[in-house]
């Protein structure tokens with residue numbers, strides 16, 4: 001998939017992949033093309049293609065296969081926790097770049113992106129990483145000689161539309 005060099009208002013440059021992230025790779029979207037616009041000056045940053053219904057189906061199918069047959073289902077809760085903590089660590093390490101990208105794309109103040117959004121994102125990943133190996137069922141005594149139990153099971157594949 002293609003990428004483009006983006007120069008942020010603070011002078012930082014980075015390589016931006018262009019495409020939809022499906023099945024662990026960037027693929028060209030087959031939806032309508034649209035401009036990503038710098039809201040501060042109304043100038044185009046780059047053009048991208050959105051997702052078509054077929055692209056969404058492809059993404060959902062890939063997610064279903066990954067959920068059913070991929071490595072995530074085979075990871076222990078402790079391994080999942082470590083992966084989420086590692087992601088939080090990467091986000092924390094790259095927080096200044098990510099905040100600059102967020103501020104440029106959305107036109108929000110850099111400090112709001114840094115201290116608000118990025119720090120909160122790191123906190124959320126750390127929070128759920130801490131829960132990954134602590135989610136289990138409950139035992140409920142329903143009478144003196146009976147016991148019921150609950151189990152936690154994954155819901156499955158969910159689609160989200162994220163700006």
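Every read-out reported here was derived from the displayed coordinates using simple, explicitly stated rules and does not represent laboratory data. Values in this document were obtained by computation on a predicted structure and should not be read as measured data. Cβ: placed from backbone, ideal geometry, glycine included. Neighbour counts: every protein chain shown.
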Spin-label point model (7 Å from Cα, Cβ direction): what's the residue 80 to residue 92 distance in nm? 2.2 nm
Given Cα pairs under 8 Å that are at least 6 residues apart, what percent is the relative contact order of the chain? 17 percent
The range 2-51, relative contact order [Cα under 8 Å, separation at least 6], %: 28 percent
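For the range 1-108, what does the alpha-carbon gyration tensor say about shape, rounded, prolate or oblate, given a ≥ b ≥ c as the root eigenvalues, a/c under 1.5 as rounded, and a/b over b/c as prolate?
Oblate is the answer for the range 1-108, as a/c is 1.5 or above yet b/c matches or exceeds a/b.
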Helix 53-69: angle to the longest alpha-carbon principal axis of the chain, degrees 0 to 90, nearest 10? 40 degrees
If each DSSP helix of 4+ residues adds -39,500 (n - 2.57) and the sum is divided by the residues in the chain, what number results at 222 nm, nearest 500 deg cm²/dmol? -12000 deg cm²/dmol
Expressed in nm to one decimal, what extension gain is obtained for the pair residue 26 and residue 106 from 0.36 nm per residue of sequence separation less their Cα-Cα distance? 26.6 nm
Just to be sure I understand the model, the point goes 7 Å from the Cα along the line to the Cβ. What's the resulting residue 135 to residue 18 distance in nm? 3.8 nm
Segments 152-160, 4-12 sorted - mean Cβ within 10 Å per residue, highest first: 4-12, 152-160
Simple SL model, points at 7 angstrom along Cα→Cβ for residue 143 and residue 38; separation in nm is 7.4 nm
How big is the C-alpha Rg of the range 61-121 next to the rule-of-thumb value 2.2 N^0.38 Å, as a ratio? 1.49
Per-peptide average of other Cβ atoms within 10 Å, ordering 112-118, 61-67, 99-105 highest first: 99-105, 112-118, 61-67
